[in-house]
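**Q** Let me give you the structure first, and then I'll get to my questions.
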Amino acid sequence: TIQIFARVKPPVRKHQQGIYSIDEDEKLIPSLEIILPRDLADGFVNNKRESYKFKFQRIFDQDANQETIFENIAKPVAGSVLEGYNGTIFAYGQTGSGKTFTITGGAERYSDRGIIPRTLSYIFEQLQKDSSKMYTTHISYLEIYNECGYDLLDPRHEASSLEDLPKVTILEDPDQNIHLKNLTLHQATTEEEALNLLFLGDTNRMIAETPMNQASTRSHCIFTIHLSSKEPGSATVRHAKLHLVDLAGSERVAKTGVGGHLLTEAKYINLSLHYLEQVIIALSEKHRSHIPYRNSMMTSVLRDSLGGNCMTTMIATLSLEKRNLDESISTCRFAQRVALIKNEAVLNEEIDPRLMIKRLQKEIQELKDELAMVTEEQRTEALTEAELLQLEKLITSFLEDQDPESRLEVGADMRKVHHCFHHLKKLLNDKKIFGNNTVSNTVSSESKDQDCQEPLKEEEYRKLRDILKQRDNEINILVNMLKKEKKKAQEALHLAGMDRREFRHSQSPPFPPGNPEEGQRMRLSSAPSQAQDFSILGNRSSLLHKKT
């Protein structure tokens, strides 16, 4: 069911405070009791009801701040939107009861921020924490003024008046889904961008001074956050939207006494709220076949929020002053009827449209190929460059795939099949040629190495042979020299022996008998020869010593 909460506005003057009590027993549902004192002007006999009791999920008294309102009302709805569910929060009450303050906030203090800026901060904070999904956020801001829709975020117009803004019209598809024409969606990647869009829209809203409120919003405003999330690699996308609705306040014209332009605005506001109540009454009745969504633009836009695929929360704003007790009781009655409505919120998941388009295109091509095979229709036109390139990419990926069960899917088109075979044949031939070139290069390099090695071996053999001959010649020369020296040594020894014998012979008698003169002559002539022989002998002996 739709969750309902009540918020009591502090009175302007304390002496005008109405009498009410809040019963928040933990075991029971919180209830608000409004006491209506008897008016003596109505006479002594007065059977009017004096107390009214209404039940809410929770009741926030006058001292409740904006942070408490957000934590208890808006935060659970924002959390469900992050999970993929639609959500709606709308404030309902009489004019001047604090609806805009609750939804948008006050401009005087930062702590007076309302549900919209706090929800934006919360959502973007959660998006930064969650890195497992890819999120996209879009913002739209619709104003319904006198039953006409206007885009408050139109980037092409700098509106000086409301009529300068583009009008938004409602379109309905066969599935009864509502589409808003001329309503722009602005992507917001950060909290700052989203808040700037909110402030831009607020400057274009219709605000007027009425007897009940100095700055009364004279239109219904719907601030919508569209959130899409997708996990990397997944084919499903989650879409969710959060409507934050600030309804215009109802007022009793007889009590406020407005006229002219303000009277026209009041009539349209009361009429649209009347249609909203008709829809809620119809939804609360079990056997009602027709729900009058089309009676007003606001009920058409909020069709999902009321009895559809949405998690809806209502805030009843109450101004419990003595003069406003009747309107406060009317607001509480409206809330009780809203609480009877049951919504069916489901997770909004769908297959990524781009993946769906690719899948359908592939299926169409396969069916065309099968039809061509069945009808034996031969295609004679040549393949385009793009088709040829695509086939070559498929072949390359097929050859690089290590999976033995991988298949080359080219369809039933025989032109493509033939081209694939030609391309594979070309690749195989190129590989063979490359292999032969490699083998021949290897063989030639080996033969070159052998040819280079053979001259080197012959040259080394020649050098070694020459060195061997040279060594043999040197050995022969040395042997011959030794032989010669040996022979000389023998000759020298022989000569030395002969000289010794001659020396001995010379020491025999100097003169033979019978001729003394001849002997003396011989001795004189032999003296120099002996000296010469002694010198020769000394030289030979020294030479022999050296040779030895």
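The values are calculated or read from the model by the stated rules, or taken from the named source; none is laboratory data. Because the structure is a prediction, the values reported are computed rather than measured. Neighbour counts run over all protein chains shown; Cβ positions are idealised from the backbone, glycine included. These area figures cover heavy atoms from the full protein model, side chains too; ligands, DNA and RNA do not enter into them. Shrake-Rupley method; radii C 1.70, N 1.55, O 1.52, S 1.80 Å.
**Q** Filter segment 322-348 for residues that are buried (at least 20 other Cβ atoms within 10 Å of the Cβ) and more than 30 Å from residue 241 (Cα to Cα) and give the result.
**A** 324, 325, 327, 328
**Q** For segment 387-400, state whether one or more residues are closer than 30 Å to residue 230 by Cα, in a loop (DSSP other than H, G, I, E, B), without any contact (Cβ under 8 Å) to a residue 12 or more places away in the chain and open to solvent by 70 Å² or more (accessible area, probe 1.4 Å).
**A** So far as segment 387-400 goes, no, none of its residues is closer than 30 Å to residue 230 by Cα, in a loop (DSSP other than H, G, I, E, B), without any contact (Cβ under 8 Å) to a residue 12 or more places away in the chain and open to solvent by 70 Å² or more (accessible area, probe 1.4 Å).
**Q** Give the residue, chosen from 75, 53, 48, 99, that is modelled with pLDDT of 80 or more and exposed (fewer than 14 other Cβ atoms within 10 Å of the Cβ).
**A** Working: 75 fails: exposed (fewer than 14 other Cβ atoms within 10 Å of the Cβ); 48 fails: modelled with pLDDT of 80 or more; 99 fails: exposed (fewer than 14 other Cβ atoms within 10 Å of the Cβ).
Residue meeting the stated conditions: 53.
**Q** Follow-up. Within the set of pairs 6 or more residues apart or between chains, which connect a residue that is part of a helix (DSSP H, G or I) inside segment 421-435 to a residue that is of a type in the set (Gly, Ala, Ser) and exposed (fewer than 10 other Cβ atoms within 10 Å of the Cβ) with Cβ atoms less than 7 Å apart?
**A** Every condition considered, no pair remains.
**Q** Another one. Are any of the residues in segment 248-260 crowded, with 21+ Cβ neighbours inside 10 Å and modelled with pLDDT of 80 or more?
**A** Keep residues of segment 248-260 that are crowded, with 21+ Cβ neighbours inside 10 Å, which gives 248-251.
Adding the requirement that they be modelled with pLDDT of 80 or more leaves 248.
Yes, there is a match, as at least one residue in segment 248-260 is crowded, with 21+ Cβ neighbours inside 10 Å and modelled with pLDDT of 80 or more.
**Q** Separate question: Please determine, by comparing only the residues of segment 371-386 that are in a loop (DSSP other than H, G, I, E, B) and of a type in the set (Ser, Thr, Tyr), which one is nearest to the chain's Cα centre (by Cα).
**A** Keep residues of segment 371-386 that are in a loop (DSSP other than H, G, I, E, B), which gives 376-384.
Within this subset, residues satisfying the condition of being of a type in the set (Ser, Thr, Tyr) are 380, 384.
On the way: 380: 45, 384: 35 Å.
Result: 384.
**Q** Of the conditions (1) under 27 Å from residue 239 (Cβ atoms); (2) open to solvent by 50 Å² or more (accessible area, probe 1.4 Å); (3) over 31 Å from the mean Cα position of the chain (by Cα), residue 70 clears all except one; give me its number.
**A** Result: residue 70 fails condition (2) only.
**Q** Where residues in segment 228-247 are of a type in the set (Ser, Thr, Tyr) and outside any loop (DSSP other than H, G, I, E, B), which of them is least open to solvent (accessible area, probe 1.4 Å)?
**A** At the first step, the residues of segment 228-247 found to be of a type in the set (Ser, Thr, Tyr) are 228-229, 234, 236.
The next check asks that each one be outside any loop (DSSP other than H, G, I, E, B); those that pass are 228-229, 236.
Values: 228: 27, 229: 12, 236: 60 Å².
If we take residues in segment 228-247 being of a type in the set (Ser, Thr, Tyr) and outside any loop (DSSP other than H, G, I, E, B), then 229 is least open to solvent (accessible area, probe 1.4 Å).
**Q** Please note which helices (runs of 4 or more DSSP H) are completely contained in segment 69-159 and include at least 1 residues that are over 30 Å from residue 333 (Cβ atoms) and of a type in the set (D, E, K, R).
**A** Correct list: 75-83, 115-129.
**Q** Can you pull out the residues in segment 322-350 that are farther than 30 Å from residue 237 by Cα and part of a loop (DSSP other than H, G, I, E, B)? Give the steps one after another, and end with the answer.
**A** Going residue by residue through segment 322-350, those that are farther than 30 Å from residue 237 by Cα are 322-340.
The answer is 339, 340.
**Q** If you check 289, 272, which single one turns out to be among the hydroxyl-bearing types (Ser, Thr, Tyr), in contact with an Asp or Glu (Cβ under 8 Å, 6 or more places away or on another chain) and either farther than 29 Å from residue 134 by Cβ or surrounded by fewer than 20 Cβ atoms within 10 Å (Cβ to Cβ) (or both)? Show your work before the answer.
**A** Details: 289 fails: in contact with an Asp or Glu (Cβ under 8 Å, 6 or more places away or on another chain).
None of the other options fit; the residue is 272.
**Q** With (1) among the charged types (D, E, K, R); (2) farther than 30 Å from residue 292 by Cα; (3) assigned to a strand (DSSP E or B) as the list, and residue 368 as the residue in question, which single condition is left unmet?
**A** Of (1) among the charged types (D, E, K, R); (2) farther than 30 Å from residue 292 by Cα; (3) assigned to a strand (DSSP E or B), only one is false for residue 368: (3).
**Q** Inspect all residues belonging to segment 175-184 and state whether any of them is open to solvent by less than 20 Å² (accessible area, probe 1.4 Å) and in contact (Cβ under 8 Å) with a residue 40 or more places away in the chain. Spell out how you get there, then give the answer.
**A** Of segment 175-184, the ones open to solvent by less than 20 Å² (accessible area, probe 1.4 Å) are none.
The answer is no; no qualifying residue exists.
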